[in-house]
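Below is one structure, written out as structure tokens; the observations come after it.
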Amino acid sequence: IGVGLVGFGLFFLLFGMLLYFDSVLLAFGNILFLSGLVFIIGFRRTFTFFFQRPKLKGTSFFFGGLVVVLMRWPILGMLLEAYGFITLFR
């Protein structure tokens, strides 16, 4: 189930970007991606990954970008998410 949710999340993210940053598709893709991640590695491990002390800057940018996308500012939100993603996984 988790791999399918992550796959659909990535599909909706890509499709949302191809349709000139459609905010509904991007928000749906983000929610599917995060829920799939929880299904794959578990809630506790996901929580501990995102909220470690050295990764709080990346987490705040990633979730801040998610909130901005949900507020219908997709380009700014995706830029914030991309920066957060890069700082989380470097």
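The values are calculated or read from the model by the stated rules, or taken from the named source; none is laboratory data. Only a predicted model underlies this, so the values are computations on that prediction, with no experimental measurement involved. Because the Cβ atoms are built from the backbone with ideal geometry, glycine has one as well, and the counts that use them run over all protein chains shown. Please note that ligands, DNA and RNA were not included when accessible areas were found on the heavy atoms of the full protein model with its side chains. Shrake-Rupley method; radii C 1.70, N 1.55, O 1.52, S 1.80 Å.
Residues in region 36-58 that are surrounded by 15 or more Cβ atoms within 10 Å (Cβ to Cβ) and closer than 14 Å to residue 1 by Cβ: 36, 37, 38, 39.
For residue 21, the conditions (1) in contact (Cβ under 8 Å) with a residue 12 or more places away in the chain; (2) under 17 Å from residue 68 (Cβ atoms); (3) assigned to a helix (DSSP H, G or I) all hold with the exception of (3). Of the listed requirements (1) touching a Gly at 6+ places or on another chain (Cβ under 9 Å); (2) farther than 17 Å from residue 9 by Cα, residue 75 misses just one: (1).
With the requirement that a residue be part of a helix (DSSP H, G or I) and of a type in the set (Lys, Arg), what does region 47-88 give you? Walk me through it before giving the result.
Residues of region 47-88 part of a helix (DSSP H, G or I): 47-50, 53-70, 74-88.
Of everything in region 47-88, those that are part of a helix (DSSP H, G or I) and of a type in the set (Lys, Arg) turn out to be 53, 55, 57.
Take the conditions (1) in contact (Cβ under 8 Å) with a residue 24 or more places away in the chain; (2) open to solvent by 60 Å² or more (accessible area, probe 1.4 Å); residue 14 misses just one of them, which is (1).
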